[in-house]
Amino acid sequence: MTFEKPKNILITGGLGFIGSNLIRKLLLSTSHKIFNVDFNGYASSNDALLDLFSKNDDFLERYKYFNIDLSKYSKVEKILNDINPDSIFHLAAESHVDRSIDDPNPFIKSNILGTYNLLEVSRSFFNNLSSKRKNEFRFLHISTDEVFGSLGEVGLFNEESNYDPRSPYSASKASSDHLVKAWFHTYDLPTIICNCSNNYGPWQFPEKFIPNIVLKALNGEFIPIYGDGKNVRDWLYVEDHVDALISIFLDASPGSSFCIGGNNERTNIELALYICNYLDDINPGKNKYSNLIKFVDDRPGHDRRYGIDSTKIKSLLDWEEKYSFEKGIKKTINWYLKNRFWCQKMLNKSKYKGERLGINLKNYLEE
Ligand SMILES: NC(=O)c1ccc[n+]([C@@H]2O[C@H](COP(=O)([O-])OP(=O)(O)OC[C@H]3O[C@@H](n4cnc5c(N)ncnc54)[C@H](O)[C@@H]3O)[C@@H](O)[C@H]2O)c1
């Protein structure tokens, strides 16, 4: 990775799944100072970084955390001016579709108002920078492929796809994308939008699809699968997403957008069966784990298929996913197997009952 000199990098949502993986990579592979702004919500944890801090004081010296809610304008204004960032990676968002169906309000606040506040404050901050710092400043907005809606049997999303969000979550992310584009076109704020497919890997909040299946299987609970289980998602290992974000940060032009995918489409039932079969191999129980799979009523407005054409980032920025599905998923399942204590801690912190997916606060600790 080539960075000229140490910079102040502001990361929002850095206590979340992707944000903490991004901070880890930046601390390990650059000399930048990392400023993490996150309101420490239900999905937040700083455990992902603790091992780094215990190994090397330099990491702790280059890292600062601020508990700030992006929906509070005056707080965002103060912190941005205090941090004096050279660039921003904006990841903070409410991120779970099921929660957005149960209660859209936090999604409007964090994803739309939070992004608006950060853009507005960044605009006046950017306008006062020297021309050298202006040239290097980037505002990366981390968004999702879900803003493009649902695909049929064929075709892929790319940078030219129309916006067609269907859930309160994807609608709030689409709104934030539009704000980001407007701040580029109207105010020349050097923004870039990244629309990525489903991520998986260590430190993902345990109610999300893959950790939820692993934990339910290990706990002998039924494994709920929506509808007929044939909804398709394109899965990308989180470290590959992080590498893509860093390539975009280093080399992409302001005003551009990039679709990032794993070239790895799976139906939900296919993925659930893969996880169950792998658990049968590494942690056999009395019965096959797949006996626990149960189809439940479909999610309202459930998008049928997502798939990404990553040609642009591959050809322009030379990015390539490094993790095969086999390698990434096995690493992930093994990680959740060993980290049930963390999962339990996170679920205890969450107030969400999650009836929709049969998520509850049963004991996931190893006996
Ligand atoms: N996980 C995926 O599969 C995926 C795929 C594509 C894009 N994305 C996008 O990537 C980003 C990160 O996703 P994630 O999976 O790490 O989510 P996450 O839910 O694990 O983490 C999000 C973090 O943002 C923080 N946050 C939320 N609202 C905030 C606010 N108002 N002020 C300050 N902090 C706030 C939360 O406390 C949390 O720590 C999101 O913008 C999401 O839309 C995620």
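Quick notes on this one:
- Residue match in segment 197-207 (condition: at pLDDT 95 or above and among the charged types (D, E, K, R)): no
- Out of I11, I79, I112, sole residue that is part of a helix (DSSP H, G or I), modelled with pLDDT of 95 or more, within 20 Å of S143 (Cβ to Cβ) and not small (G, A, S): I112
- Lone qualifier among N291, N287, N277 - being of a type in the set (S, T, N, Q), in a loop (DSSP other than H, G, I, E, B), surrounded by fewer than 18 Cβ atoms within 10 Å (Cβ to Cβ) and modelled with pLDDT of 95 or more: N287
- Only listed residue being in contact with a Leu (Cβ under 6 Å, 6 or more places away or on another chain) and either without any contact (Cβ under 8 Å) to a residue 40 or more places away in the chain or closer than 24 Å to D309 by Cα (or both), chosen from S247, S253: S247
- One residue from L118, L113 being within 14 Å of the ligand (Cβ to nearest atom), more than 27 Å from M346 (Cα to Cα) and out of contact with any Cys (no Cβ under 8 Å at 6 or more places or on another chain): L118
- Qualifying residues in segment 95-135 (those that are hydroxyl-bearing (S, T, Y) and within 22 Å of S197 (Cβ to Cβ)) - the one surrounded by the most Cβ atoms within 10 Å (Cβ to Cβ): T115
- Residue check, E94 within 28 Å of P254 (Cα to Cα), at pLDDT below 95 and outside any helix (DSSP H, G or I): no
- Residues in segment 139-167 that are without any contact (Cβ under 8 Å) to a residue 40 or more places away in the chain, surrounded by fewer than 18 Cβ atoms within 10 Å (Cβ to Cβ) and within 16 Å of the ligand (Cβ to nearest atom): Y163 alone.
- Once segment 39-53 is narrowed to residues that are surrounded by fewer than 16 Cβ atoms within 10 Å (Cβ to Cβ) and of a type in the set (A, V, I, L, M, F, W, C), the residue that is nearest to the ligand (Cβ to nearest atom) is L50.
- The sole residue among L60, L70 that is crowded, with 18+ Cβ neighbours inside 10 Å and either at pLDDT below 95 or more than 16 Å from the chain's Cα centre (by Cα) (or both) is L70.
The values are calculated or read from the model by the stated rules, or taken from the named source; none is laboratory data. Since the model is a prediction, treat every value here as computed from it, not as a measurement. Glycine gets a Cβ as well: all are built from the backbone with ideal geometry, and neighbour counts include every protein chain shown.
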